[in-house]
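Encoded as structure tokens, the structure appears first; notes follow it.
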Amino acid sequence: MKIVNFDLNIYFDPRYYGIKNIIPSTKKSVLNSSGKYAVNIYFLVRMKELSKKLNDKNLDRLSLYRPIDRIGYSFLRYEF
């Protein structure tokens with residue numbers, strides 16, 4: 001039997017894939033968002049719900065755009 005030692009960073013650390021992990025924390029960072037993004041679908045759902053709860057359409061801004069690609073089952077790619 002062969003034991004495989006998995007490096008959990010592969011699954012939990014975006015830097016492993018050369019991805020810069022940015023969490024938008026201000027309205028300015030959300031509204032000025034040029035670049036390429038891989039966004040977790042669950043994050044999009046949470047932002048949509050938060051947008052309704054706080055009555056702030058800016059929080060659900062990504063629903064106005066169509067993703068350019070899908071990565072697996074849980075990420076959508078956007079380019080602005």
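The values are calculated or read from the model by the stated rules, or taken from the named source; none is laboratory data. Worth saying up front: this structure is predicted, and the values here are computed from it rather than measured. Cβ coordinates were reconstructed from backbone atoms using ideal geometry, including for glycine residues, and neighbour counts include every protein chain displayed.
Within the option set SER51, SER33, being among the small types (Gly, Ala, Ser), at pLDDT below 70 and either within 15 Å of GLU79 (Cα to Cα) or surrounded by 12 or more Cβ atoms within 10 Å (Cβ to Cβ) (or both) holds for one residue only, SER33.
The residue of the stretch 52-80 that is farthest from ILE19 (Cα to Cα), among those that are over 13 Å from the mean Cα position of the chain (by Cα) and of a type in the set (S, T, N, Q), is ASN55. If you go through the stretch 57-80 one residue at a time, how many are among the charged types (D, E, K, R), out of contact with any strand residue (DSSP E or B) (no Cβ under 7 Å at 6 or more places or on another chain) and loosely packed, with under 12 Cβ neighbours inside 10 Å? Adding up the residues that qualify gives 2.
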